[in-house]
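The values are calculated or read from the model by the stated rules, or taken from the named source; none is laboratory data. The structure presented is a predicted model; accordingly, all values stated were derived computationally and were not measured. Reconstructed Cβ throughout: ideal geometry from the backbone, glycine too, with neighbour counts over all protein chains shown.
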């Protein structure tokens, strides 16, 4: 199934799950606990305030060779906005995944690689206690290079 078909399907519009596709075009739905929504909202709010020269958005679809992925939160610069809106294969500069109990290390490594391949500069992972880990294509970093004041631990 193509992403444009999923977006246009009225039966899928109000599902309480995050929707992505795998490399076969099959829909993958991930139910989340409330803490997931809390951290997602907190990260989006903090990104808006830490990096005012861009936009933060939730669940931003990115077409990848392994299907359409939707990071929980993204941030992109105003310079990249027109390109992002024109090309769904391009990733925002920052892609954030808020982890769920079902996420595996292997799955997260694949998603990081896909986001970097699509042009992300950083990928952040937030666990269920609000602790963040920051990655660049070179590996894990002590803090974000794009948002150096962003906390490693959300309260």
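A few points about this structure:
- Among the residues listed as 75, 3, the single one being touching a strand residue (DSSP E or B) at 6+ places or on another chain (Cβ under 6 Å) and modelled with pLDDT under 90: 3
- Looking across region 119-131, the residues that are in a strand (DSSP E or B) and touching a residue at least 60 places away in the same chain (Cβ under 8 Å) come down to 124, 126.
- Condition broken by residue 28, with the remaining ones in (1) touching a helix residue (DSSP H, G or I) at 6+ places or on another chain (Cβ under 9 Å); (2) in contact (Cβ under 8 Å) with a residue 24 or more places away in the chain; (3) in a strand (DSSP E or B) satisfied: (1)
- Residue check, residue 81 more than 21 Å from residue 62 (Cβ to Cβ) and free of Cβ contacts under 8 Å to residues at least 60 places away in the same chain: no
Rundown of residues vs (1) at pLDDT 95 or above; (2) in a loop (DSSP other than H, G, I, E, B), yes/no style:
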{"site": "36", "(1), (2)": "no, no"}
{"site": "45", "(1), (2)": "yes, no"}
{"site": "55", "(1), (2)": "yes, no"}
{"site": "91", "(1), (2)": "yes, yes"}
{"site": "101", "(1), (2)": "no, yes"}
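- If only residues of region 103-118 that are outside any helix (DSSP H, G or I) and farther than 26 Å from residue 53 by Cβ are counted, the one that is modelled with the highest pLDDT is 104.
- Of the residues making up region 133-153, those that are in contact (Cβ under 8 Å) with a residue 40 or more places away in the chain and touching a strand residue (DSSP E or B) at 6+ places or on another chain (Cβ under 7 Å) are 144, 146.
- Pair list, Cβ under 7 Å, 6 or more apart: region 40-59 residue in contact (Cβ under 8 Å) with a residue 12 or more places away in the chain and on the phi > 0 side of the Ramachandran plot, other residue buried (at least 17 other Cβ atoms within 10 Å of the Cβ) and not in a loop (DSSP other than H, G, I, E, B): 59/18
- Filtered residues of region 134-155 (kept if more than 16 Å from the chain's Cα centre (by Cα) and assigned to a strand (DSSP E or B)): 139, 140, 141, 153
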